[in-house]
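The values are calculated or read from the model by the stated rules, or taken from the named source; none is laboratory data. Note that the structure is predicted; figures quoted are calculated from it, not measured. FYI the Cβ positions are ideal-geometry reconstructions off the backbone, even for glycines, and counts take in every protein chain you see. Each accessible area value is taken on the protein alone, full model and side chains, heavy atoms only, with ligands, DNA and RNA left out. Shrake-Rupley method; radii C 1.70, N 1.55, O 1.52, S 1.80 Å.
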Amino acid sequence: MKPVIQLKDIQKTYHTGEVDVHAVRGVSLEIMPGEFVALMGASGSGKSTLMNTLGCLDRPTGGTYLLDGTDVSRLDRDQLADLRNQKIGFIFQGFNLLARTSAIDNVVLPMLYLQHRLSMREQQERALRSLDLVGLGKRADHHPNQLSGGQQQRVAIARALVNQPALLLADEPTGNLDSQTSIEIMGVFQKLNDQGITIVMVTHELDIARYTKRNVILRDGKILSDTPVPNRLDAGLELSRLKQAQEAIKLA
Amino acid sequence: MRIFATLRLAVRALRRNKLRSLLTMLGIIIGVGSVIAAVSITTGATKQVEDRVASLGQNIVMVYSGNFNTGGTRGGWGSAPTLTVEDAEAIRREVPSVAATSPEVRDQYQVLGNGLNCNTTIYGEDVDFLHIRSWNIEEGVMFTDADVRSLAKVAVIGRTVADQLFPNQNPVGETIRVRDIPFKVVGLLEQKGFSVFGRDQDDLVLVPYTSHMRRVARRTYINNVLVEAATPESINQVQADITSLLKARHRSIEPDFTVRTQLEVAQMATATAKIMSVLLAAIASVSLIVGGIGIMNIMLVSVTERTREIGIRMAVGARARDILVQFLIEAVTLSALGGLIGIGLGMGASKIVAYSTGWPTLTPFSWVGIASLSSAVVGVISGFYPAWKASKLDPIDALRYE
């Protein structure tokens, strides 16, 4: 099996004024299909830069990055855009849905930029299937301001999935959500991962990282540790446990 | 991304800010609207002038006595008594391609009849006058060659004179008096309306030129000669031939007469309208430029406002070109829509003007095309820079934009 992500000695240096900032200094990493990885680290550890590189939003200044077998380092802007369109699904901390645009139209968005065009009907069908997958099929016509934070993030996940990417990239996906909703979102991720979707997630919350299968910790632009998660949490179990605890408080 | 999908996107984006879109379009709407209205009015006026020039008759050449400058004094047409009946006869006899001539003698007199009176112009003319002016008799008959030869006291009157002297009755057979000389009314002219220069053409009494010269005005010179050329092509030749003939007859170095063709009259009459159209085109281009600046301004604001949206679109795979086309189409939609609304309003305004003032208006199809095309072009030009700016955004920066 070929790795989805293959990083070899990735470097990223920002030239700001007189000082060169080495955000990432030599990261090598392989992520296989079906993995669920949490990228962790304090702010300034280089995890955001690495995430932008993984997401083909930015090119590394050194090293090679193979995404699903394609060497990203040498691609131009348009080719990177196509790669983002077909191979990567983005999920952001702030959801980044288009305001005043219905959930289904938000999900349709990535299909508008496909190089091989889909019919309107096909777009609608695929968007609806994607929304069903995250449990929002009944709210396709709702606008973001009519949805809760958790629901908005589900719409964002549906949008990320709609072009059947090789990789889901989530940047602090639970950062704006309360703990119960966070667990629900992690449940969605676990369900998707069980279906074989590869997920890489940036987070700084340790308990959220425990829902993933593998934790990579960065410090000063280098990998500090790369370990499988022991005693992985199950979102379904945790959710029922949380609800029981809430019941207990009410009874008491 | 497909053009149709992009267009839908543009319309949706514009509808989100209805008031702003409308205000942005206003520049184009007013510009195009005023141009269409003004062009409709001037075209209508020009058309009317042309119709009236045509109502003079076909292939007409006019010979006026006097000249712009005779012997150092600038007089003007008809200012000197230099033309005679013999000149008119010589023109008919000697100039080739002349179909008809009529010596014209004009004087303003008080006319009495039916116990009423009015002030009008008495035209002394030959029988061919009606043919030259393409004019018809409504009631009765025209006076005849015999009448001309015998200095008959017969008259054909215009509708305005008939209405004043013989209201609600048939004037044919009645008698009118000019300078106490009785004339029998033998015919009533068909109504012709106003001339190019705003004169009421129906305010006249037509009598044989011989009768006018000997009996009424008692003079020996005529005011001008109406000449009809045989074909439109021969007009210029006839004009030149008359000039050289009269020069020889009058033995003058400086001509003491003026020869004008119908074409020149038409050109003089429509010259103002032509200047107006050029002026309008200039104003139009200025207002379109102003409208275009408005669109560019709003598109720049819109790009800044929607930086995050641009970032999202880029993140999910929009190429720079997709973003460029999206904003460009938005700008073109704005200006083209403004142009269409402007055309509609302009045509409506010209109809209102036509209705309330009675001026004829006409919206030329070519101007509708020019207006829609130029508003679309304004959209492309003013939308290009903002759209290009949007397409050059860095996706990471755009996503981080607050």
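Counting only trypsin sites (Lys or Arg not before Pro) that DSSP places in a loop and that have at most 14 other Cβ atoms within 10 Å, the longest clean stretch of chain B runs over B:252-391. Between region B:137-175 and region B:312-369, the C-alpha centres lie 58 angstrom from each other.
In chain B, the longest principal axis of the Cα atoms and the axis of helix B:262-305 are about 10 degrees apart. With contacts taken as Cα pairs under 8 Å at a separation of at least 6 residues, chain B carries a relative contact order of 28 percent. When you filter the trypsin sites (Lys or Arg not before Pro) in region A:169-252 for DSSP loop state and at most 13 other Cβ atoms inside 10 Å of their Cβ, you are left with A:R232.
Restricting the GluC sites (Glu not before Pro) of region A:11-117 to loop positions (DSSP other than H, G, I, E, B) with no more than 10 neighbouring Cβ atoms within 10 Å leaves A:E18.
Buried accessible surface for the B/A chain pair comes to about 2500 Å², total over both chains, computed with a 1.4 Å probe.
With all protein chains in place and a 1.4 Å probe, the accessible surface of chain B carries 60 percent carbon and sulfur.
By definition, a body whose alpha carbon gyration tensor gives a ≥ b ≥ c is oblate when a/c is 1.5 or more and a/b is not larger than b/c, and chain A fits this oblate description. Annotation: Cα Rg of the protein assembly as shown relative to the compact-globule expectation 2.2 N^0.38 Å equals 1.73. By the helix-only formula, in which each DSSP H run with n ≥ 4 contributes -39500 (n - 2.57) and the sum is divided by residues, the protein assembly as shown has a 222 nm mean residue ellipticity of -15500 deg cm²/dmol. Loop-located chymotrypsin sites (Phe, Trp or Tyr not before Pro) in region B:185-239 (DSSP state not H, G, I, E or B) with no more than 15 neighbouring Cβ atoms inside 10 Å: B:F197.
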